Amino acid sequence: MLDYDLHCHSNVSDGTLTPAEIVARAAERGVKVLGLTDHDDIAGLAEAAQAAAQYGIELVNGVEISVTWRKHTVHIVGLHIDPKCPELVEGLRGIRSGRMHRAELMAESLARCGIGGTLEGAYRHVQNPEMIGRTHFARHLVESGQCKDVRSVFNRYLVHGKPGYVPHEWANLKDAVSWIRAAGGIAVLAHPGRYMVGRCSMGKSTLHELLEEFVAAGGKGIEVVSGSHTPPQYAEFARYAQEFGLLCSCGSDFHGPQESYRDLGRLPDFPLECRPVWTEWETAAA
Ligand code: AMP
Ligand code: MN
Ligand code: MN
Ligand code: MN
């Protein structure tokens, strides 16, 4: 079992727990090194750092940046970033700025299908108004009885071709990687397995092209063990890591109790050939 968990969310983005609660839960569950990676925002890191000191675990300052690459939305995790870096702070502010308008359009789309009141409903689940997103709509649709759980919402709504879906232009890949690098961080391609399922999914050759561009832009890592991956996918993405000379990362992508595929911590070991992403900062410190 790995005691590193380098991908999770607090209520600064679309998780349900506060940053301090996330750290407490991680510590209870045996995590020694935790990366907090809220979507497009780093406002939870100070609180998480305080809690990490209290619980005696190591916090890795992280972020998960939303990127539009060709017609695909992909996520780039930045690890060990300096949250004060102006390029990163400004870049993230730019991405967040479109979310409130997108939310209005999502609510209009749902209303056209006879589901009203979702904007107000979604905002009731939001701590940080700039960070309203699909998960908040999903929680409202569950609460109002439209669907039995968040996962089933994403089968019927909010995804490409379904009510409530609104296309959106996020950051571009090169910019996202460059902000992470400017902040001294390591850019990691998040949950590649998720880009290969569903409508509008990538084929293998497209994933290759994405990885080529990512590496050319200065990307250094790939998530191999992820809450979004199956065990055969650990092996598959470990091979991609080798092929592209990438470091391997691991994270639960925890969003909240009862809602996530995997809870914090308790991640299975990497396939043998993997070079863990933390060798980067642990050797730097040694
Ligand atoms: P947004 O950045 O607002 O488009 O929201 C993206 C978030 O929606 C992801 O980070 C997940 O938390 C959630 N999400 C997307 N697709 C699914 C899915 N199929 N099942 C559960 N959650 C999903
Ligand atoms: Mn999320
Ligand atoms: Mn993601
Ligand atoms: Mn995530």
**Message:** Quick check on my filter: what residues within the stretch 69-124 are out of contact with any strand residue (DSSP E or B) (no Cβ under 7 Å at 6 or more places or on another chain), over 17 Å from residue 44 (Cα atoms) and within 16 Å of ligand 2 (Cβ to nearest atom)?
**Reply:** 99, 102, 103, 106, 122
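Of all residues in the stretch 24-40, count the ones that are in contact with a strand residue (DSSP E or B) (Cβ under 7 Å, 6 or more places away or on another chain) and in a loop (DSSP other than H, G, I, E, B). Even if it seems obvious, please write down each step before you answer.
To start, the set of residues in the stretch 24-40 that are in contact with a strand residue (DSSP E or B) (Cβ under 7 Å, 6 or more places away or on another chain) comprises 26, 31-40.
Retained after the next criterion (residues that are in a loop (DSSP other than H, G, I, E, B)): 31-32, 37-38, 40.
Number satisfying all stated conditions: 5.
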**Complete:** The number of residues in the stretch 34-70 that are of a type outside the set (Asp, Glu), buried (at least 16 other Cβ atoms within 10 Å of the Cβ) and out of contact with any helix residue (DSSP H, G or I) (no Cβ under 9 Å at 6 or more places or on another chain) is 2
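Does the stretch 193-205 hold any residues that are surrounded by 20 or more Cβ atoms within 10 Å (Cβ to Cβ) and either on the phi > 0 side of the Ramachandran plot or within 16 Å of ligand 2 (Cβ to nearest atom) (or both), and which are they?
Hit for the stretch 193-205 is 195, nothing else.
Could you look through the stretch 150-164, keep only residues that are touching a residue at least 24 places away in the same chain (Cβ under 8 Å) and at negative phi, and pick out the one that is surrounded by the most Cβ atoms within 10 Å (Cβ to Cβ)?
For the stretch 150-164, the residue satisfying everything is 157.
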**Complete:** Output for Cβ contacts, cut-off 8 Å, separation at least six or different chains, first residue closer than 20 Å to residue 135 by Cβ and without any contact (Cβ under 8 Å) to a residue 60 or more places away in the chain in the stretch 26-48, second within 16 Å of ligand 2 (Cβ to nearest atom) and charged (D, E, K, R), reads 44/38
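Can you work out which of the residues in the stretch 1-26 that are of a type in the set (D, E, K, R) and buried (at least 24 other Cβ atoms within 10 Å of the Cβ) is farthest from ligand 3 (Cβ to nearest atom)?
As a first pass, look at the stretch 1-26 and keep what is of a type in the set (D, E, K, R): 3, 5, 14, 21, 25.
Still in the running and buried (at least 24 other Cβ atoms within 10 Å of the Cβ): 5, 14.
Numbers: 5: 14, 14: 10 Å.
Within the stretch 1-26, the match that is farthest from ligand 3 (Cβ to nearest atom) is 5.
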**Request:** Please work out which one of (1) more than 16 Å from ligand 2 (Cβ to nearest atom); (2) touching a residue at least 40 places away in the same chain (Cβ under 8 Å) is the condition residue 133 fails and give its number.
**Result:** (1)
**Among (1) at pLDDT below 95; (2) in a strand (DSSP E or B) - the single one residue 199 does not satisfy** = (2)
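Among the residues of the stretch 84-94, is there at least one that is farther than 20 Å from residue 160 by Cβ, outside any helix (DSSP H, G or I), outside the structural domain of residue 279 (by TED's automatic domain parsing) and without any contact (Cβ under 8 Å) to a residue 24 or more places away in the chain?
Of the stretch 84-94, the ones farther than 20 Å from residue 160 by Cβ are 84-94.
Filter once more, so that each one left must be outside any helix (DSSP H, G or I): 84-85.
Among the residues that remain, those that are also outside the structural domain of residue 279 (by TED's automatic domain parsing) are: none.
There is no residue in the stretch 84-94 that is farther than 20 Å from residue 160 by Cβ, outside any helix (DSSP H, G or I), outside the structural domain of residue 279 (by TED's automatic domain parsing) and without any contact (Cβ under 8 Å) to a residue 24 or more places away in the chain.
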**Prompt:** Applying the selection to the stretch 207-245, what residues are under 24 Å from residue 179 (Cβ atoms) and without any contact (Cβ under 8 Å) to a residue 40 or more places away in the chain?
**Reply:** 207, 209, 211, 212, 215, 216, 222, 228, 241, 244, 245
**Selection from the stretch 227-253 of residues that are of a type in the set (S, T, N, Q) and more than 21 Å from residue 8 (Cα to Cα)** = 242
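Would you check if there is a residue in the stretch 44-60 being aromatic (Phe, Trp, Tyr) and within 26 Å of residue 247 (Cα to Cα)? Outline the logic, then answer.
From the stretch 44-60, those aromatic (Phe, Trp, Tyr) are 55; that's our starting set.
Imposing the further condition that a residue be within 26 Å of residue 247 (Cα to Cα) reduces the set to none.
No: zero hits.
Conditions tested, residue by residue: (1) over 29 Å from residue 139 (Cβ atoms); (2) not in a helix (DSSP H, G or I).
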{"site": "216", "(1), (2)": "yes, no"}
{"site": "222", "(1), (2)": "yes, yes"}
{"site": "225", "(1), (2)": "no, yes"}
{"site": "232", "(1), (2)": "yes, no"}
{"site": "237", "(1), (2)": "yes, no"}
{"site": "243", "(1), (2)": "yes, no"}
{"site": "250", "(1), (2)": "no, yes"}
{"site": "258", "(1), (2)": "no, yes"}
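Yes or no: residue 75 in contact (Cβ under 8 Å) with a residue 12 or more places away in the chain, under 17 Å from the mean Cα position of the chain (by Cα), within 16 Å of ligand 3 (Cβ to nearest atom) and part of a helix (DSSP H, G or I)? Give the derivation first.
Details: in contact (Cβ under 8 Å) with a residue 12 or more places away in the chain: yes; under 17 Å from the mean Cα position of the chain (by Cα): yes; within 16 Å of ligand 3 (Cβ to nearest atom): yes; part of a helix (DSSP H, G or I): no.
The answer is no for residue 75.
The values are calculated or read from the model by the stated rules, or taken from the named source; none is laboratory data. Since the model is a prediction, treat every value here as computed from it, not as a measurement. For neighbour counting, all protein chains shown are included, and Cβ atoms are generated from backbone atoms with ideal geometry for every residue, glycine included.
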